[in-house]
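None of the figures in this text is laboratory data; all of them are computed from the coordinates on show. These numbers come from a predicted model, not from an experiment. Glycine also receives a Cβ, built like all others from the backbone with ideal geometry; neighbour counts cover every protein chain displayed.
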Amino acid sequence: MSRKQLKQEADLLAKLTSKNRITIPKTIMNNLPPVDYFNVVLRDGTVVLEPIQTANTETESIRLKMRELGLTEDSVADAVRWARDKT
């Protein structure tokens, strides 16, 4: 789809719900790569949504790797304290 065609189709309405939720029109989402998160920016009074690609790492796989390395939650807290003391 060309930019001109997308711009013409992009002039769509999206309703803000009472819980501050907006559904992005399907014609817009169909022209984006698969994405779960957006960076939200306010530019000159206009809300801009920028698709963000994130790593698809599950929490459980991180916990498993921490156990394999012998790391605990205390290890992480200690590392943060150490890093803060260095600055």
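So how far apart, in nm, are the two label points at L16 and A55 if each is 7 Å from Cα heading toward Cβ?
3.5
Short version: ³J(HN,Hα) in whole Hz for each residue of the stretch 81-87, in order, from phi by Karplus 6.51 cos²θ - 1.76 cosθ + 1.60 (θ = phi - 60°), x for Gly and Pro, what are they?
After applying 6.51 cos²θ - 1.76 cosθ + 1.60, I find 4, 4, 5, 5, 5, 6, 8 Hz.
Within the chain, which is the longest segment that contains none of the trypsin sites (Lys or Arg not before Pro) sitting in a DSSP loop with at most 16 other Cβ atoms within 10 Å?
22-87
Hey, what do the phi angles of the stretch 61-77 turn into as Karplus ³J(HN,Hα) couplings, whole Hz, using 6.51/-1.76/1.60 and θ = phi - 60°, x for Gly and Pro?
Here the 3J(HN,Hα) series is 5, 5, 4, 4, 5, 4, 4, 4, 8, x, 8, 10, 4, 5, 4, 5, 4 Hz.
Could you grab the relative contact order for the chain? Cα pairs under 8 Å, six or more apart, rounded to a whole percent. If you can, show how the numbers build up before the last one.
On the way: 42 pairs, mean separation 12.3, N = 87.
About 14 percent, as a whole number.
Only loop residues by DSSP count here, and only those with at most 13 other Cβ atoms within 10 Å; note down the GluC sites (Glu not before Pro) in the stretch 6-87 that meet that.
Working: sites: E9, E58, E60, E68, E73; in loops: E58.
Passing both the DSSP loop test and the Cβ count: E58.
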